[in-house]
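Structure record follows, encoded as structure tokens.
The values are calculated or read from the model by the stated rules, or taken from the named source; none is laboratory data. Quick caveat: nothing in here was measured; it's all calculated off a predicted structure. As a convention, Cβ positions derive from the backbone with ideal geometry for all residues, glycine included, and neighbour counts pool all protein chains shown. Surface areas here come from the heavy atoms of the whole protein model, side chains and all, with no ligands, DNA or RNA. Shrake-Rupley method; radii C 1.70, N 1.55, O 1.52, S 1.80 Å.
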Amino acid sequence: MWSAGITMLSRQRSDWNSVGIKLLKNQCILAVLAGLARGLLQVSFPPFVETALSRLGDCVSPLSMVLIGSIIAGVEPRGLLDKWVVSYTELRLIVLPLCVLALGRLLGLPAAVTGTAVTLTAMPAATTTPAATTTALLAARYGADTAFASRLVLVSTVLSLVTAPFLLLFL
């Protein structure tokens, strides 16, 4: 997502070297690397820094929802369900979880493992489902179609309230 996805969103032709350099300069990748280094080196921060970082992290989801809401406010209600939004939502909320379910059963995985995998594929709480808010945030950051990305987030989140419990019936 942080290399090929951003290259596609920015609509620029890039070779692998420039993509790699952009990837290493990306704030999200730098944050992951800093967190990994902190964990491996067992570095601790003073309590006030820990609290500040924790509260800053707690702001990400609400702020992304505000962004998505402000974008959707300008979208006509009839435009919410275009064929691409519906196709994506069907794929993400029905086809993929059913494929995960079938694969889990085909491989003879324990029911708990299969159930967890299906749940993570079908639930809005998972980071990549239905359409993670990152979709709209990256679209806004790189000048892509924010209205489309926000419609994906809204429609797939609302419909996952129906599809996720339905899929759990098959477990």
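Some points to look at:
- THR157 sits among other residues whose Cβ lies under 13 Å from its own Cβ, and their net charge, with Lys and Arg +1 and Asp and Glu -1, is +2.
- Surface composition of the stretch 22-171: carbon plus sulfur atoms contribute 74% of the solvent-accessible area (1.4 Å probe, protein chains only, all chains present).
- Here the spin labels are modelled as points 7 Å beyond Cα on the Cα-Cβ line, and at VAL95 and VAL75 they lie 2.0 nm apart.
- Relative contact order computed over the stretch 33-171 (Cα-Cα under 8 Å; 6+ residues apart), in percent: 28 percent
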